[in-house]
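A.B. asks: To start, I am sharing the structure in question, which I have written as structure tokens.
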Amino acid sequence: MRRLDLKGLIALLMLVLLSSTNALAMVGATSHETAQPDQWIPMPAWLAGTWQAKTQTFLDSYDCKTGRHLLEQPTTLQINRIRTIGTQQDDTGQIWHYAATPYVRNIETQTHTERQIIDQLVLLPSGTDKVMLCTTGRVTRWSKSSKELIDYFYERTLVAYYPVDEDKIKSELIVTDYDPDKQPLHSSHSVCLELRVKPFAVTNRDERGDLRSKFLRFISEKNRRGHQ
């Protein structure tokens, strides 16, 4: 197994880190395995709130083309990621998270601009102490200096969340990148410990619009189906 020099290793892991954060913005627990463009997802109380991660530990980094493992030992990177899980709460006290696809995010680095389009979000069967999801999307990168296209690939992210204690969770990610022909290029396995920095609070409006109205329509339709 070839050992990467430190500069190359850090550059590689930073690219993986940037491309793996898309799934972290949309999480939940449900027994459905079909993706929907507009979803309200029931959230366990232990996963609701605003979370901060300061480190991410990569357990493995695998080059699918050459069959080489790029890490000789776990490697921890310093990060600063803050995200909020949970949007509304119904009359029973159940917390719901709003997840809509396509979901678009842009990332600026020193060398390139990255655009991520999350095309599909699939909620996987979860238990009382585990929440799982899968996202698939497209990543495009342009050079900041030349404005030329430098990379385009598909990405699939599997993420699982586990409660650690009242204000701490563990997230585990497996991220696989694919070329335009859907052949695997690279896969990474990493874990984070995240601390709750704010408790859950209802969000009625954000950049996606009037979430309260969307939620009331969802609850009304849910109740109507329940009485049929």
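A.B. asks: Working only within segment 86-101, note down all residues that are free of Cβ contacts under 8 Å to residues at least 60 places away in the same chain and either under 26 Å from Glu114 (Cα atoms) or of a type in the set (Ser, Thr, Tyr) (or both). First the steps, then the outcome.
C.D. replies: Initial filter on segment 86-101 (free of Cβ contacts under 8 Å to residues at least 60 places away in the same chain): 91-94.
Of everything in segment 86-101, just one residue is free of Cβ contacts under 8 Å to residues at least 60 places away in the same chain and either under 26 Å from Glu114 (Cα atoms) or of a type in the set (Ser, Thr, Tyr) (or both), namely Thr92.
A.B. asks: Go over the candidates Glu172, Glu114, Glu108 one by one and state the one that is exposed (fewer than 15 other Cβ atoms within 10 Å of the Cβ) and among the acidic types (Asp, Glu).
C.D. replies: Answer to the check: Glu108.
A.B. asks: Collect the residues in segment 89-105 that are crowded, with 18+ Cβ neighbours inside 10 Å and modelled with pLDDT under 85, keeping them in residue-number order.
C.D. replies: Thr101, Tyr103
A.B. asks: Moving on to the next point. Of all residues in segment 177-201, which are touching a strand residue (DSSP E or B) at 6+ places or on another chain (Cβ under 6 Å), more than 22 Å from Asp129 (Cα to Cα) and either without any contact (Cβ under 8 Å) to a residue 60 or more places away in the chain or not in a strand (DSSP E or B) (or both)?
C.D. replies: Residues satisfying the conditions are Tyr178, Asp179.
A.B. asks: Does segment 131-153 contain at least one residue that is farther than 30 Å from Arg212 by Cβ, assigned to a strand (DSSP E or B) and touching a Pro at 6+ places or on another chain (Cβ under 9 Å)?
C.D. replies: Among the residues of segment 131-153, at least one is farther than 30 Å from Arg212 by Cβ, assigned to a strand (DSSP E or B) and touching a Pro at 6+ places or on another chain (Cβ under 9 Å), which makes the answer yes.
To keep it simple, each residue is scored yes or no on (1) out of contact with any strand residue (DSSP E or B) (no Cβ under 8 Å at 6 or more places or on another chain); (2) of a type in the set (Val, Ile, Thr); (3) at pLDDT 95 or above.
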residue	(1), (2), (3)
Trp40	no, no, no
Met43	no, no, no
Ala48	no, no, yes
Trp51	no, no, yes
Leu59	no, no, yes
Leu70	no, no, no
Arg81	no, no, no
Thr84	no, yes, no
Thr87	no, yes, yes
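A.B. asks: Does segment 154-162 include one or more residues that are polar (S, T, N, Q), touching a residue at least 24 places away in the same chain (Cβ under 8 Å) and either out of contact with any Lys or Arg (no Cβ under 9 Å at 6 or more places or on another chain) or on the phi > 0 side of the Ramachandran plot (or both)?
C.D. replies: yes
A.B. asks: For segment 159-172, which residues satisfy the criterion of being modelled with pLDDT of 95 or more, assigned to a strand (DSSP E or B) and either within 19 Å of Asp119 (Cβ to Cβ) or more than 14 Å from the chain's Cα centre (by Cα) (or both)?
C.D. replies: The initial filter retains those residues of segment 159-172 that are modelled with pLDDT of 95 or more, namely 160-165, 167-172.
Subsequent filtering for residues that are assigned to a strand (DSSP E or B) retains 160-165, 168-172.
Across segment 159-172, the qualifying residues are Tyr162, Pro163, Val164, Asp165, Lys168, Ile169.
The values are calculated or read from the model by the stated rules, or taken from the named source; none is laboratory data. Everything numeric here is computed off the predicted structure, so don't read it as measured data. Every residue, glycine as well, gets a Cβ built from its backbone with ideal geometry; the counts of neighbours run over all protein chains shown.
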